[in-house]
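Report on the following structure.
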Amino acid sequence: MATERTFSIIKPDAVEANNVGNILAMIEGAGLKIKAMRMVHLSRPMAEGFYAVHKERPFFGELVDFMTRGPVVVSVLEGENAVVAYRTLMGATNPANADAGTIRKQYAKDIGENAVHGSDSLENAGIEINYFFPGYELG
Ligand code: GDP
């Protein structure tokens, strides 16, 4: 098992619903360490850049509207197999398909407003950490 870092966003729906503390408690309860964290209200260019891989998808405009409508909490998480561990804790993109005990099962509304983001690979974790925490030491 390898110690890894991954990138998390607590999305506007979860911040609006006062679920930041509950979600951070689930993250820490799963054994992931919060290594860096801040609250930020994304600009449209920042959100469009972050989700550039989805720019041809029909829901892209809706996704950018959602991600910019209020503040989010961005963080760097560290732990054993952190990328997969956090994706497992998050649950499926659509909360209707998410397993019991996952963040999205508990706090997500639907496939769009789904409470959290987590990197889907170690490579993307590095890119996403650098996007929000430039110069952050990856080790
Ligand atoms: P993730 O890695 O589980 O977050 O899922 P994806 O990479 O497939 O999608 C990125 C984000 O786009 C999701 O977390 C949702 O917020 C949003 N999204 C995905 N599919 C849809 C959709 O069909 N409709 C809308 N409105 N948003 C979506």
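The values are calculated or read from the model by the stated rules, or taken from the named source; none is laboratory data. The shown structure was predicted, so the numbers you read here are calculated from the model rather than taken from an experiment. Here Cβ is always computed from backbone atoms with ideal geometry, including for glycine, and neighbour counts include all displayed protein chains. Calculation scope for accessible area: heavy atoms of the full protein, side chains included, ligands and nucleic acids excluded. Shrake-Rupley method; radii C 1.70, N 1.55, O 1.52, S 1.80 Å.
For region 102-123, residues that are part of a strand (DSSP E or B) and at positive phi total 0.
Let me confirm something: among V72, V84, which residue is of a type in the set (V, I, T), under 16 Å from S119 (Cα atoms), more than 11 Å from the ligand (Cβ to nearest atom) and open to solvent by less than 20 Å² (accessible area, probe 1.4 Å)?
Exactly one of V72, V84 is of a type in the set (V, I, T), under 16 Å from S119 (Cα atoms), more than 11 Å from the ligand (Cβ to nearest atom) and open to solvent by less than 20 Å² (accessible area, probe 1.4 Å), namely V72.
Inspection of region 13-22 finds no residue satisfying the criterion of being open to solvent by 10 Å² or more (accessible area, probe 1.4 Å), closer than 23 Å to L122 by Cα and not hydroxyl-bearing (S, T, Y). Of the residues making up region 124-139, those that are in a loop (DSSP other than H, G, I, E, B), out of contact with any Gly (no Cβ under 8 Å at 6 or more places or on another chain) and of a type outside the set (G, A, S) are F133, P134, Y136, E137. Could you tell me which residue of region 38-50 is nearest to the ligand (Cβ to nearest atom), considering only residues that are surrounded by fewer than 16 Cβ atoms within 10 Å (Cβ to Cβ) and within 26 Å of A85 (Cα to Cα)? Checking each candidate, the answer is G49. If you check V64, V53 for being modelled with pLDDT of 95 or more, over 18 Å from I23 (Cβ atoms), within 12 Å of the ligand (Cβ to nearest atom) and open to solvent by 40 Å² or more (accessible area, probe 1.4 Å), only one passes: V53.
For region 27-58, a residue qualifies if it is of a type in the set (A, V, I, L, M, F, W, C) and over 17 Å from V116 (Cβ atoms), and the qualifying residues are M46, A52, V53.
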